[in-house]
Amino acid sequence: STMAVAAADKEQLFVRYYQQGEDEAYLYKIRLIDEFKSALESENSPLFMNYQPKLNINTGKIDKLEALIRWINSEGQFVNPEMFVGLAEKAGLIVTLTRWVILHVIQQIAQWNQAGYRFQVSINLSAQDIQHEQFVDYLLTTVEKYEVEATQITLELTERDLAENEGLVATRLNHLKTLGFEISVDDYGIGQSSLAKLKSLPVDELKIDKCFILTLDQCAKDQDIVSSTILLGHKLGLRVVAEGVENKESLALLKEFNCDYAQGYYLSKPVTADKLIQWYDDYEPII
Ligand code: C2E
Ligand code: MG
Ligand code: MG
Ligand code: MG
């Protein structure tokens, strides 16, 4: 019976440790949300946008970028964007975050346009953004204010984001389309991958998820999935982008499969706007 008591004690201890760990994780998240809220309001913001080039495989040129948010917290550490974007979604801060992103990206595009650099730039959205009443208004007002063409903006939504509130999402996307914005399905192939959605929604681009691309050069199944997804996209009149291209073998395969765009570390990691322009000016076609 001493052994039984010891075991029960141990279990309790374990439960207590476990709860303590949970509490710590919880407190950490609360603290992070608070800090992120101030980051969004701060004039000297610890948030900034990075840009990653997309290679036009047909022309060998760079004519598109993806904008990706970065946050350096008070301890000087980069916080994982997937993590804090997820927290912002749960804390009701995503609409504010996305407005911040839209404003900064559009200002950057305007500045680039004036300097003679013309890119089409992708902005990542969350499901809540596209459902928000003022979303289209805010986007439109901002492009008009900075005299940027709607056609210079692509909006990336994942399959999961498109699955919520389908009627409303369809209405919003159709409205955005008529205004000239382009729509991309991000992380294609890992979510619901509903073909019905490709049929009913006004989509311009499919972005094949990086899980199929990272190992493309080594995996026959990935090659089958990617080549047939490209064919499907083209049949539907869509542009197809591969993200997560890390080596020249994968890029060569994508070219063989007639993929339209390649994005990944093999070309460049996401970098600040200044670094992107330095990189772009030095860029020698690799294809
Ligand atoms: P995503 O939209 O699918 O973005 C692509 C992610 O793949 C980026 O991660 C990018 O850095 C990474 N990536 C690009 N090329 C390669 C490669 O060759 N190899 C590998 N291993 N990774 C590559 P990041 O920047 O950490 O962003 C993660 C996710 O966070 C994004 O996935 C997106 O869902 C979200 N996110 C980032 N910025 C924003 C934003 O401004 N707004 C919203 N709503 N979400 C954002
Ligand atoms: Mg994306
Ligand atoms: Mg993606
Ligand atoms: Mg994603």
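The values are calculated or read from the model by the stated rules, or taken from the named source; none is laboratory data. Remember, it's a predicted structure, so these values are computed and weren't measured experimentally. Reconstructed Cβ throughout: ideal geometry from the backbone, glycine too, with neighbour counts over all protein chains shown. Just the protein is used for accessible areas: all its heavy atoms, side chains included, with ligands, DNA and RNA removed. Shrake-Rupley method; radii C 1.70, N 1.55, O 1.52, S 1.80 Å.
Sort Ile33, Ile57 from largest to smallest accessible area, using a 1.4 Å probe on the heavy atoms of the protein chains.
On the way: Ile33 40, Ile57 5 Å².
Output order, biggest surface exposure first: Ile33, Ile57.
Tell me the per residue accessible area of the chain using a 1.4 Å probe; a whole number in Å² is fine.
Accessible area per residue, the chain: 54 Å².
Counting only C-alpha contacts under 8 Å and six or more residues apart, can you give the relative contact order of segment 141-287 as a whole percent?
This gives 17 percent for segment 141-287.
May I ask which of Lys61/Lys145; Lys145/Lys199; Lys199/Lys235 have a Cα-Cα span longer than 22 Å here?
Long pairs (Cα-Cα over 22 Å): Lys61/Lys145; Lys145/Lys199.
Quick check on my link table: of Lys54/Lys275; Lys177/Lys197; Lys90/Lys275, which ones sit more than 21 Å apart, alpha carbon to alpha carbon?
Checking Cα-Cα distances, Lys90/Lys275 exceed 21 Å.
I'd like to know which of Ser126, Ala163, Thr151 lies farthest towards the positive end of the charge dipole of segment 111-163, counting +1 on Cβ of Lys and Arg and -1 on Cβ of Asp and Glu.
My answer, from the dipole projection, is Thr151.
Calculate for the chain the 222 nm mean residue ellipticity that helices alone would give, adding -39,500 (n - 2.57) per DSSP H run of length 4 or more and normalising by residue count, nearest 500 deg cm²/dmol.
That calculation yields -16500 deg cm²/dmol at 222 nm.
So for the chain, considering every pair of alpha-carbon atoms, how many percent are separated by more than 37 Å? Each step should come with its number before you reach the end.
Working: 8381 of 41041 pairs.
Roughly 20 percent, once rounded to a whole number.
Could you please state, rounded to a whole Å, how far the C-alpha centre of segment 56-84 is from the C-alpha centre of segment 113-156?
So the separation of the two Cα centres works out to 17 Å.
Got the relative contact order for the chain handy, in percent, Cα pairs under 8 Å and 6 or more residues apart?
Once divided by the residue count of the chain, the mean separation gives 17 percent.
Using square roots of five times the C-alpha gyration tensor eigenvalues, list the equivalent-ellipsoid semi-axes of segment 128-287 in whole Å, biggest first.
They are 28, 22, 12 Å, listed largest first.
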